[in-house]
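Asks: Here it is: the structure, laid out below.
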Amino acid sequence: MSTLTLDLGKQTGWAILTDGVIESGSKSFHGSRFSGGGMCFLNFRNWLNSLKHEFTAVYFEEVRRHLGTDAAHCYGGFLAVLSAWCEENNIPYQGVNVKTIKRVIWRQHHANLIEYERNPRKNDDVVNRMCASIREFGFRIPIVAKSDGTVVDGHLRLKAARKLGIESIPVVLSDNLNEPQTKAFRLLANQSANWAKWDDELLKVEIQELEDLQFDLKMTGFELEKVQHFLDDLDSEKEDLSDLAIDDKKVTKPGDLWILGDHRIYCGDSSVVESYKALLDDKMADITVCDPPYNVDYGSSQEREDKKILNDNQGEKYELFLYDICTHILAYTKGAIYICISSSEFSTLQKVFEEAGGRWSTFIIWAKNHFTLGKYKYQRQYEAMLYGWKSGNKREWHGGRNQSDLWFYEKLTHNTLHPTMKPVELMERAIVNSSRPGDIVLDPFSGSGSTLIACERTGRICRTIELDPRFVDVTIKRWQVYTGREAILSGAGKTFQEKQEEKKEQKK
């Protein structure tokens, strides 16, 4: 999307703003001595048609006083052509006072800009870092200067532009500031960046996300030692799951709704709509990230009996089960949807997702560091994750353009909490790519609570369902160990610990 600004005339000045970058110049529409008087207007119309941008607005300098009748007729002709062109293309257009556009922003050759000789900021040793920043992001922040070329703010950017050989630089004029104001603003522009303080916890999350995306952290402007300090802190915050395990002495019972800080977990069947109503209280989720049973009857063998997954042996009914799940997810999700699935059920999930009203985009492949030995000739070392959304719905995207659909995360070596436990980082990546802090993330299959922990780490709000009371207990214990806080049973107002003690007393 772009904005076009014009200074109308036979020598028309123009500027186009696109994503913070300004192109500008002037275009001559003078005809030859053999062309008719209206040829300049035809040339102007042809030039407008040649612009390949998608404009959201057009601004032109509105001239009310002209040097003569010919000048007035000339301006009127260009304005008539412009207004007709804008209306035909459904582009809003507006006149502004003379010199308004030039006074706000224009491009200037760096040779015409003059550094303030008493600039108190010493920056020669960081010019190369600014050069790297401009190469990565472009010249995004204009220089502030007087119309005589004297720089008020942006000396470092100017030095970097000169070193890079960038000739045309965006400049904001500050002629409306008097001399004392100019001196004060020059100091303010540098000092005001120090007013705010960093929220270290949120900063850690941002840095970790950039690290996960393999982005060059030097481009953040932080010293690498500072960045490494944050990453080391995050490593030290990784979960200690050594004391957690599945316990058959269940505290939770079907129908319980637990409050875990900002999060909620409901013990119920995610294939029926009543569970979503009880969990969401008529609210919509911003995204869904979930890991339903794969229909492989995990836990059927004697040694895995304690890890059996409910609803994991649907047989021919599995397709209908997935259809019901997709129907509910699509009904309660505004944005992106991520659903983990086995390679054996790719086509089944895609089919029912689209039949339920979903728009399938792709399958993301989770590449594991080693395979699980199975019955296949080629042992499978990956799992898939459907990415899509409800047809017609908008969805957030914060992942940049460098995201691949092949994700490398190590498989957990000890699934003590759940037989198909997913890495938190896997669920976290989907959440970060498609939501903002404070958004609601729906997970109809909590399992061990990896999605909930990912939400806790990234500042999202989790709403999750789990059919098996044992795994509700697992999720609660995991969250309590991670946060040091206590879960509360909705309605009863009792903590998980208190309910646990009640169960023990009842069995005496």
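Asks: Ile440: net charge of surrounding residues, Cβ under 13 Å, Lys/Arg +1, Asp/Glu -1, itself excluded?
Replies: Details: positive: Arg264, Lys283, Lys334, Arg436, Arg460, Arg463; negative: Asp262, Asp281, Asp282, Asp286, Glu396, Asp439, Asp443.
Residues near Ile440 contribute -1 overall.
Asks: Right, next: Sort 436-448, 357-369 for me by packing, meaning the mean count of neighbouring Cβ atoms within 10 Å per residue, highest on top.
Replies: Result, highest mean Cβ count within 10 Å first: 436-448, 357-369.
Asks: Then there is this: Bin width 10 Å, origin at 0, all Cα-Cα pairs of the range 120-204: what percent of pairs per bin?
Replies: Taking all Cα pairs of the range 120-204, the binned fractions are 15, 41, 33, 10, 1 percent.
Asks: I've got another one for you. Here is the link list: Lys163/Lys218; Lys146/Lys197; Lys204/Lys394; Lys52/Lys390. Which ones come out longer than 23 Å on Cα distance?
Replies: Lys146/Lys197; Lys204/Lys394; Lys52/Lys390
Asks: Could you derive backbone 3J(HN,Hα) for the range 206-211 from the dihedral phi with the Karplus parameters 6.51, -1.76 and 1.60 (θ = phi - 60°), listing whole Hz in sequence and x where the residue is Gly or Pro?
Replies: Residue by residue, the range 206-211 yields 4, 5, 5, 4, 5, 4 Hz.
Asks: Per-residue HN-Hα couplings for the range 143-159, Karplus 6.51 cos²θ - 1.76 cosθ + 1.60 at θ = phi - 60°, whole Hz, x for Gly and Pro?
Replies: With the stated coefficients, the range 143-159 comes to 7, 9, 8, 7, 5, 7, x, 5, 6, 9, 8, x, 4, 5, 5, 5, 4 Hz.
Asks: Which whole-angstrom value gives the distance between the alpha carbon centres of the range 173-193 and the range 442-505?
Replies: 54
Asks: Does the range 437-492 classify as rounded, prolate or oblate by the C-alpha gyration tensor (a ≥ b ≥ c root eigenvalues; a/c under 1.5 gives rounded; else a/b over b/c gives prolate, otherwise oblate)?
Replies: Verdict is rounded for the range 437-492.
Asks: Local charge sum around Ala336 (other residues, Cβ-Cβ under 15 Å, Lys/Arg +1, Asp/Glu -1)?
Replies: Surrounding charge for Ala336 is +2.
Asks: Scan the range 131-210 for GluC sites (Glu not before Pro) in coil per DSSP, keeping those whose Cβ has at most 15 other Cβ atoms within 10 Å, and list them by number.
Replies: Filter output for the range 131-210: Glu167.
Each value in this text was obtained by applying a stated rule to the coordinates, not by laboratory testing. Keep in mind that this is a model prediction, so the values were computed, not measured. Ideal geometry is used to build each Cβ from the backbone, glycine not excepted, and the neighbour counts take in all protein chains shown.
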